[in-house]
Amino acid sequence: MAQTGTANNTGSATAPGRLAPWKIACGAIMVYVIYGSFFVAGGAEGFRVGGDGARAIFFHVPAAILSSVLYFAGMWYAAVFLFGKKQNDMEADAKSGICMELGALFCLLATITGSIFAGIQWGVFWNWDPRETSIIVMLLLYAAYLILRGAMAGKPAARARLSAVYALIALVPAQYLIWAVPRLLEGNHPTNTLRDPAMTSLGYKLVLYPSFLAFAMLTVWLFQLRFRAYRLAASREETL
């Protein structure tokens, strides 16, 4: 009876197929962000097409920020793999690779949404603005990392070490391109929209701030799913 009770208690907390409350909250917030981007936030002043182009901010800005944050996370796990107490930890390598995969995904999303905004606001989808140039180079850095890992799929130890070294070396140019270049060179991209509270209305704040939370939670969820897939694949290889 004691074992049955324990099993039931454990099962109720970790029942297979049951979503954790924070994952349900993530879905609810994301639905609100999508709804709010069209029905809570109105058209912004100073933007074309009735100000509707400004709605891209709810997806473009979180994606752009996450593309940089995930690179730092991937670099951190790469450093853990190379220099941590448990060196050559393949799980640290896997986490680094997952961060870089997700970073590439969000970098691509930021590039696409930024291009759509440019087409609406400036009349051209790509004009090599400093922001556009920096993010496309950042995307190429991500792509080179993923190509490197893919090319060495049959040599996991060598792949892990080379990938970690690449992540550490490419950190400086990657972050310089994202944070320094757009501030050193003038471009069309707005720079003070988020820093100046007066630049965003209440309606936009009510959607933009939850969008940061929704995308951050979604990133953690995707990371967990990807890492779980890695562990399943690793355990399957051990049994063969």
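What whole number of Å gives the distance from the Cα centroid of region 106-125 to the Cα centroid of region 56-103?
Answer, in whole Å: 24.
Within 10 Å, count the other beta carbons around each residue, average over each peptide in 85-94, 205-214, and list them highest first.
205-214, 85-94
Apply the Karplus parameterisation 6.51 cos²θ - 1.76 cosθ + 1.60, with θ equal to phi minus 60°, to every residue of region 216-224 and state each ³J(HN,Hα) to the nearest whole Hz, in sequence, with x for glycine and proline.
Taking θ as phi minus 60°, the curve returns 5, 5, 4, 5, 4, 4, 4, 4, 4 Hz for region 216-224.
Normalised by the number of residues in the chain, what is the relative contact order in percent for Cα pairs under 8 Å and 6+ residues apart?
27 percent
In Å², and per residue, what accessible area does the chain have when probed at 1.4 Å with the other protein chains present?
Using a 1.4 Å probe on heavy atoms only, each residue of the chain averages 57 Å².
Would you mind putting 40-48, 147-155, 67-75 in packing order, based on average other-beta-carbon counts within 10 Å, highest first?
Final packing ranking: 67-75, 40-48, 147-155.
Beyond 34 Å, what percent of the Cα pairs of the chain remain?
Tail of the P(r) past 34 Å holds 29 percent of the pairs.
With angles folded into 0 to 90 degrees, how steeply does helix 57-83 sit against the dominant principal axis of the chain? Use alpha carbons for both and round to 10.
40 degrees
With point charges of +1 on the Cβ of Lys and Arg and -1 on the Cβ of Asp and Glu, referenced to the Cα centre of the chain, which listed residue (Gly53, Thr111, Gly43) lies farthest in the positive direction of the dipole?
Thr111
Which lysines have a Cα less than 26 Å from the Cα of Lys23, not counting those fewer than 8 places away in the same chain?
Lys95, Lys205
If you place +1 on the Cβ of every Lys and Arg and -1 on the Cβ of every Asp and Glu, how big does the dipole about the Cα centre of the chain come out, in debye to the nearest 20?
600 debye
Ignoring ligands, DNA and RNA, what percent of the 1.4 Å accessible area of region 35-180 is carbon and sulfur?
Of the solvent-accessible surface of region 35-180, carbon and sulfur hold 72 percent.
The values are calculated or read from the model by the stated rules, or taken from the named source; none is laboratory data. Bear in mind the structure is a predicted one, so any value in this text is a computation, not a measurement. As a convention, Cβ positions derive from the backbone with ideal geometry for all residues, glycine included, and neighbour counts pool all protein chains shown. Ligands, DNA and RNA are excluded from the accessible area calculation, which covers all protein heavy atoms including side chains. Shrake-Rupley method; radii C 1.70, N 1.55, O 1.52, S 1.80 Å.
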